[in-house]
Amino acid sequence: MAATVLKTETIHIKSSSDVVTARQQVRTLAIELKFSLVDQTKIVTAASELARNTLDHGGGGEMDVAVVENGIRRGLRLTFRDHGPGIADIKQALSDGFTTGGGMGLGLGGSKRLMNEFDIHSQPGAGTTITAVRWK
Amino acid sequence: MDRIPILRMGNFLLVTIQVDMHDRLALTLQDDLTNRISEVGARGVLIDISSLEIVDSFIGRTLANIASMARVLDAQTVVVGMQPAVAITLVELGMSLPGIRTALNVESGMEYLQETAEAGMEIGVYGGDSTED
Ligand SMILES: Nc1ncnc2c1ncn2[C@@H]1O[C@H](COP(=O)(O)OP(=O)(O)OP(=O)(O)O)[C@@H](O)[C@H]1O
Ligand SMILES: [Mg+2]
């Protein structure tokens, strides 16, 4: 990604209260970037879904939240990393309703819809990295 | 451990969610509400989410679970005060909150609960009459 990073922070995700901290950190930066209330809500909701997946499916990990700039556009980039079991079939995981954990299977596909860019890197046995950007 | 308070008003239970709930807190609320409904024989549950800045799939599922457990215990649930930005985001997330009755504010939510409780009682009275005949 050719974006310049203006600022970045890392939150460790080890418990459900860390998911709350992750949401709050993303909210603070989304406000700083002057995203509209609807856009803030979308980004924070996506962050909440992805942070929970990191915790519940990835066995914990971390989130980087970065203010990025690409030419004249600024945006918020969220990166979630874990060293859990990985995702065997990414296409299947993204489809609404697919879950291996008794959820609704909406988190991954839903957060992709809520963000502008969405990228999953995963290797079975090695972990998962998800990068999502919302541009202003 | 912290808990979200549940207020009782006659036959109804009222909950105002004022904090950014972590998942365990949401599950505790689900359990506490289910217990209180059966303890007091509540006929309705009103959940005010006007301070909630997001509703994600977990909170949505928790609200749906509360509503269906309440229904099994013969109580209606109404969720009130969802912020417009939250509603827009929920739709894009793909959650339709199935089986959840919503209202714009506490007043109209209470009206709904009162009406359904009264309607329920009338059915009960007529049922009683017809068996005596
Ligand atoms: N970080 C991860 N590591 C391993 N598997 C994952 C990860 N994130 C998602 N998955 C897999 O993708 C599936 C779909 O994820 P998604 O978030 O859409 O649904 P869910 O978490 O099961 O339920 P919901 O988010 O609706 O409560 C999960 O059930 C899990 O199998
Ligand atoms: Mg999920």
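The values are calculated or read from the model by the stated rules, or taken from the named source; none is laboratory data. Computed from a predicted structure; not experimentally measured. Virtual Cβ from ideal backbone geometry, glycine too; neighbours counted across all protein chains shown.
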Next item on the list: State the number of residues belonging to region A:60-91 that are more than 14 Å from A:ILE130 (Cβ to Cβ) and within 8 Å of ligand 1 (Cβ to nearest atom).
Entry: 1
Notebook entry, point to check: So which pairs qualify, if the first residue must be in region B:83-107 and under 17 Å from A:LYS112 (Cα atoms), the second must be surrounded by fewer than 18 Cβ atoms within 10 Å (Cβ to Cβ) and modelled with pLDDT under 95, the Cβ gap must be under 6 Å, and the two must be at least 6 apart or on different chains?
Noted result: B:GLY94/A:ASP96
Note to self: more than 10 Å from chain B (Cβ to nearest Cβ), out of contact with any helix residue (DSSP H, G or I) (no Cβ under 7 Å at 6 or more places or on another chain), under 25 Å from B:ALA26 (Cα atoms) and touching a residue at least 12 places away in the same chain (Cβ under 8 Å): is that true of A:GLY86 in this structure?
What the structure shows: no
Check: Of the residues that make up region A:2-17, is at least one assigned to a loop (DSSP other than H, G, I, E, B), modelled with pLDDT under 95, crowded, with 16+ Cβ neighbours inside 10 Å and away from chain B (no Cβ under 14 Å)?
Finding: yes
Next item on the list: State the number of residues belonging to region B:68-93 that are within 14 Å of chain A (Cβ to nearest Cβ) and among the aliphatic types (A, V, I, L, M).
Entry: 8
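I'd like to know if region A:51-67 contains one or more residues that are closer than 18 Å to A:ASP119 by Cα, within 16 Å of ligand 2 (Cβ to nearest atom) and aliphatic (A, V, I, L, M).
Kept after step one, since they are closer than 18 Å to A:ASP119 by Cα, are these residues of region A:51-67: A:51-54, A:57-58, A:61-67.
Now narrow it down to the ones that are within 16 Å of ligand 2 (Cβ to nearest atom): A:51-54, A:57-58, A:61, A:63.
From what's left, aliphatic (A, V, I, L, M): A:51, A:63.
Yes, region A:51-67 contains at least one residue that is closer than 18 Å to A:ASP119 by Cα, within 16 Å of ligand 2 (Cβ to nearest atom) and aliphatic (A, V, I, L, M).
For the subset of region A:21-50 comprising residues that are β-branched (Val, Ile, Thr), within 9 Å of another protein chain (Cβ to nearest Cβ) and more than 16 Å from ligand 2 (Cβ to nearest atom), which member is surrounded by the fewest Cβ atoms within 10 Å (Cβ to Cβ)? Explain how you work it out, then say what you get.
Of all residues in region A:21-50, those β-branched (Val, Ile, Thr) come to A:21, A:26, A:28, A:31, A:38, A:41, A:43-45.
Filter again for within 9 Å of another protein chain (Cβ to nearest Cβ), leaving A:38, A:41, A:44-45.
With the extra rule that they be more than 16 Å from ligand 2 (Cβ to nearest atom), the set shrinks to A:38, A:41.
Values: A:VAL38: 16, A:THR41: 26.
Among residues in region A:21-50 that are β-branched (Val, Ile, Thr), within 9 Å of another protein chain (Cβ to nearest Cβ) and more than 16 Å from ligand 2 (Cβ to nearest atom), the one surrounded by the fewest Cβ atoms within 10 Å (Cβ to Cβ) is A:VAL38.
So, of the residues in region B:42-67 that are among the small types (Gly, Ala, Ser) and either within 14 Å of chain A (Cβ to nearest Cβ) or under 21 Å from B:ASP20 (Cβ atoms) (or both), which turns out to be nearest to ligand 2 (Cβ to nearest atom)? Spell out how you get there, then give the answer.
So in region B:42-67, the residues among the small types (Gly, Ala, Ser) come out as B:42, B:44, B:50-51, B:57, B:60, B:64, B:67.
Going one step further and asking which of them are either within 14 Å of chain A (Cβ to nearest Cβ) or under 21 Å from B:ASP20 (Cβ atoms) (or both), we end up with B:50-51, B:57, B:60, B:64.
Values: B:SER50: 26, B:SER51: 24, B:SER57: 6, B:GLY60: 12, B:ALA64: 15 Å.
The qualifying residue nearest to ligand 2 (Cβ to nearest atom) is B:SER57.
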Notebook entry, point to check: Which condition number in (1) in contact with an Asp or Glu (Cβ under 8 Å, 6 or more places away or on another chain); (2) in contact (Cβ under 8 Å) with a residue 40 or more places away in the chain; (3) within 14 Å of chain B (Cβ to nearest Cβ); (4) within 16 Å of ligand 2 (Cβ to nearest atom) is the one that A:MET115 fails?
Noted result: (1)
